[in-house]
Structure formats: structure tokens, C-alpha cells
Amino acid sequence: GEDVEQSLFLSVREGDSSVINCTYTDSSSTYLYWYKQEPGAGLQLLTYIFSNMDMKQDQRLTVLLNKKDKHLSLRIADTQTGDSAIYFCAERIGGFKTIFGAGTRLFVKA
Amino acid sequence: EAQVTQNPRYLITVTGKKLTVTCSQNMNHEYMSWYRQDPGLGLRQIYYSMNVEVTDKGDVPEGYKVSRKEKRNFPLILESPSPNQTSLYFCASAPGGGTTDTQYFGPGTRLTVL
């Protein structure tokens with residue numbers, strides 16, 4: 001079946017890099033996404049990567065995709081307290097079906 | 001301002017009392033969707049709509065209805081709410097059929113069914 005898994009918590013110190021990992025099961029996914037959810041707010045798209053790409057960099061964000069292992073990661077360089085949030089991995093399967101992971105809560109310690 | 005709005009933001013109701021959560025977008029988006037968010041489960045898609053009068057089931061449609069009579073509105077209807085529908089609900093919209101289309105999320109509706 002279709003499933004997206006993420007670890008539930010990650011704690012880092014301010015200034016360090018954060019790496020949030022995600023695994024997915026459906027090999028037919030076309031796009032993979034990272035969303036950020038701040039307290040009391042909806043989800044905001046951070047970045048996405050097409051399934052035939054290995055890496056995408058956008059300022060402090062680096063997305064790595066290992067299609068063979070169905071593993072996606074999001075690296076946040078120089079993590080700041082404002083990066084504290086829940087990060088969701090999601091995959092688009094055909095049409096408009098989007099499967100979300102349970103979310104990883106990132107704690108940034110000053 | 002481009003946005004997705006949901007009403008109400010908070011609702012406490014009782015089992016069996018029909019309710020509607022409204023969703024409206026002002027971006028002329030073709031695609032709209034409803035999700036529920038539960039702890040440890042992430043977001044699960046309830047229903048989505050590719051255009052006016054076109055709706056499809058997501059992963060967890062049981063107990064919900066939707067309608068898309070006009071492009072901007074996509075209400076979620078709970079005919080007979082039950083406690084297991086207590087959740088945080090998000091509406092989202094996207095421009096059209098492309099898989100790169102960013103989904104814009106509403107602020108969420110926290111529903112409690114007693």
C-alpha cells in the first residue's frame with residue numbers, strides 16, 4: 001500500500017544542521033514535497049523535487065532523493081529558532097492523490 | 001490577498017448534529033481538497049475536487065460529503081458527526097492539474113464531537 005514514514009521528533013542546537021528523513025513505499029510517485037507547519041497554522045510548501053532528480057538546493061534547504069531506497073531527506077543548514085515547526089514529507093501519486101507522512105517535530109535549542 | 005479561508009475555525013458539537021465546514025478560495029483555483037490531521041497520522045485526504053461538479057474520494061471519505069457547485073467554494077458536510085471525527089481539518093487549493101502545483105492550505109478548523 002501507499003505509506004510515507006518519518007521519525008516524529010528531532011532536536012538540534014541553533015546554528016547546527018538539521019536532517020529530517022522520510023521513506024515512502026510507492027514507486028510511482030511523481031513529485032515529493034516538504035511542507036512546514038508552524039503552531040496554529042496551515043501547511044506551507046517549502047520545496048519539492050521531481051522523482052527523476054537526485055538533489056535540489058534552495059538557499060538553506062537541500063533535498064536529497066534516493067529512488068532506489070525510496071528515501072527522501074531535508075537538510076536545513078544553520079538552523080534557527082524560527083525553524084522550529086513540524087515538517088511533513090509528502091508524495092504525489094498520479095492524479096491528485098497526495099500521501100503525507102505523520103510529520104517530524106523539529107525542536108531548535110538556543 | 002490570495003488566500004484560502006475556512007469557517008468556523010473552532011467548533012464543538014454533539015454526536016448526530018449535522019454540520020458544515022465552509023472553504024473558500026479567491027485564487028480561481030481549479031483544484032480543492034479536504035484533509036484531516038490527527039496526532040501521529042499526519043494529514044489524510046478526505047475528498048478532492050478537480051473542478052466544478054467533479055469530486056473524488058480520498059483515503060478517508062467515510063462519514064463525509066462534499067459539493068463543488070462553484071469554483072471558489074468546497075464545503076465539507078458531516079451529516080451525522082461521531083466522536084471519531086474529532087480532528088483538525090484543512091482545506092487546500094491548487095491552480096490546476098499539474099503535479100508541481102503548490103497546494104495552498106487554509107488555517108484549519110478544529111472540530112470536537114462530544
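The values are calculated or read from the model by the stated rules, or taken from the named source; none is laboratory data. The structure displayed is predicted, hence computed values, not measured ones. Neighbour counts are summed over all protein chains in view; Cβ atoms, including those assigned to glycine, are modelled from backbone coordinates with ideal geometry. The area values use the complete protein model at the heavy-atom level, side chains included, leaving out ligands, DNA and RNA. Shrake-Rupley method; radii C 1.70, N 1.55, O 1.52, S 1.80 Å.
Per-residue accessible area for B:LYS69 at 1.4 Å probe radius, Å² rounded to 10?
150
Write down the accessible area per residue of chain B in Å², having rolled a 1.4 Å probe over the full set of protein chains.
Per-residue value: 47 Å².
Do you know the relative contact order of chain A, to the nearest whole percent, from alpha carbon pairs under 8 angstrom that are 6+ apart?
Relative contact order, chain A: 38 percent.
For A:SER28, B:SER93, write out the residues from largest to smallest accessible area, computed with a 1.4 angstrom probe and no ligands counted.
A:SER28, B:SER93
Please check chain A for the longest run free of trypsin sites (Lys or Arg not before Pro) that are loop-located per DSSP (anything but H, G, I, E, B) and have at most 15 other Cβ atoms within 10 Å.
A:1-59
Starting from the residue with the highest accessible area, list B:THR15, B:THR86 in decreasing order, probe 1.4 Å.
B:THR15, B:THR86
Given Cα positions, please report Rg to Rh for chain A, the hydrodynamic radius being the Kirkwood one.
So for chain A, dividing Rg by the Kirkwood Rh gives 0.96.
As a test question: what accessible area, to the nearest 10 Å², does A:PHE100 have when a 1.4 Å probe is rolled over all protein chains in place?
Estimated to the nearest 10 Å², A:PHE100 gives 10 Å².
Could you tell me the accessible area of B:ASP59 in Å² (1.4 Å probe, neighbours in place), rounded to the nearest ten?
70
Any idea what log10 I(q)/I(0) is at q = 0.10, 0.23 Å⁻¹ for chain B, Debye with uniform C-alpha scatterers and no solvent?
One equal scatterer on each Cα of chain B leads to -0.26, -1.35.
How many Å² of accessible area per residue for the stretch A:1-92, probe 1.4 Å?
Value returned for the stretch A:1-92: 50 Å² of accessible area per residue.
Leaving ligands and nucleic acids out of the surface, order B:VAL113, B:VAL14 by accessible area at 1.4 Å, largest first.
If we order B:VAL113, B:VAL14 from most to least accessible, we get B:VAL14, B:VAL113.
Along each principal axis of its Cα atoms, how long is the protein assembly as shown end to end? Whole angstroms, biggest number first, please.
Principal axes ranked by extent give 49, 38, 36 Å for the Cα atoms.
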